[in-house]
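Enquirer: To start, I am sharing the structure in question, which I have written as structure tokens.
The values are calculated or read from the model by the stated rules, or taken from the named source; none is laboratory data. Nothing here was measured: the structure is a model prediction, and the numbers come from that model. Backbone-built Cβ (ideal geometry, glycine too); neighbour counts: all protein chains shown.
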Amino acid sequence: MNSSFIRKYSANTLIVSILLLLFSLFLIIKPVTSLNFIMILLGCITVLDGIIHIISYFSSSAEFRAFSFELVQGILGTLLGFVFIFNPQIIVSFLPFIIGAWIIVEGIIKFQFSFNIKGNEAGNWVILLLLSILTIILGFIIIFNPFGTAIAITTLAGIFLLVSEIVNIIESIYVLAKFK
């Protein structure tokens, strides 16, 4: 492989890793601000997507429009995007409820499954039962402490990103030194 290509690739990777490392520190130090920023960014993307659907609806043929939901998609997407942009804290506080409810439903399904395999003489059904109860409890913790959960997840994501980018930086420096 061409050593100049490897050096250029590693240098670009190093720059991106440093930027992501700074972002990871922001996630760790300012999780609430980070969540709001992410929601605003997601809102901008959703507004843009909504506008694209609206333009697509009006620029398509009449036959296509007769069976298209793009106008409705576009309007709803644009409105939802503006909610994300102007009220990011509402979305941040609402998202853990959805995640918590999903985890509770999954726990209930696992709970039922543990009893289903008990009747089939499976030996580890008690472990599955305990894990399902733990899953249900976790879901309720998320629902009853949504803001704390969102902050913890953001901080944890920042820590994982930080470790990953430190590894990437070390790797890029090593490659750059190796292919001088």
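Enquirer: Could you list, ordered by first residue, the pairs with Cβ atoms under 6 Å in which the first is in region 57-81 and under 23 Å from residue 92 (Cα atoms) and the second is among the small types (Gly, Ala, Ser), at least 6 apart or interchain?
Expert: Qualifying pairs under 6 Å: 74/50; 77/50; 78/50; 81/43; 81/50.
Enquirer: Residue 84 fails exactly one of the following numbered conditions: (1) in contact with a helix residue (DSSP H, G or I) (Cβ under 7 Å, 6 or more places away or on another chain); (2) under 29 Å from residue 171 (Cα atoms); (3) modelled with pLDDT under 90. What is the number of that condition?
Expert: Of everything listed in (1) in contact with a helix residue (DSSP H, G or I) (Cβ under 7 Å, 6 or more places away or on another chain); (2) under 29 Å from residue 171 (Cα atoms); (3) modelled with pLDDT under 90, residue 84 misses just condition (2).
Enquirer: Output the helices (runs of 4 or more DSSP H) that fall wholly within region 1-67 and possess 1 or more residues being modelled with pLDDT of 85 or more and aromatic (Phe, Trp, Tyr), or say none. Before the answer, list the steps.
Expert: On the way: elements: 3-29, 31-59, 62-66.
Result: 3-29, 31-59.
Enquirer: Given 24, 93, which one is touching a residue at least 12 places away in the same chain (Cβ under 8 Å) and under 19 Å from residue 161 (Cα atoms)? Steps first, please.
Expert: Working: 93 fails: under 19 Å from residue 161 (Cα atoms).
The match here is 24.
Enquirer: Write out, first by first residue and then by second, each pair whose Cβ atoms fall under 6 Å of each other, whose residues are 6+ apart or on separate chains, and whose first residue, in region 4-15, is surrounded by 14 or more Cβ atoms within 10 Å (Cβ to Cβ) while the second is of a type in the set (Val, Ile, Thr).
Expert: Once the first residue is surrounded by 14 or more Cβ atoms within 10 Å (Cβ to Cβ) and sits in region 4-15, its partners that are of a type in the set (Val, Ile, Thr) give 10/175.
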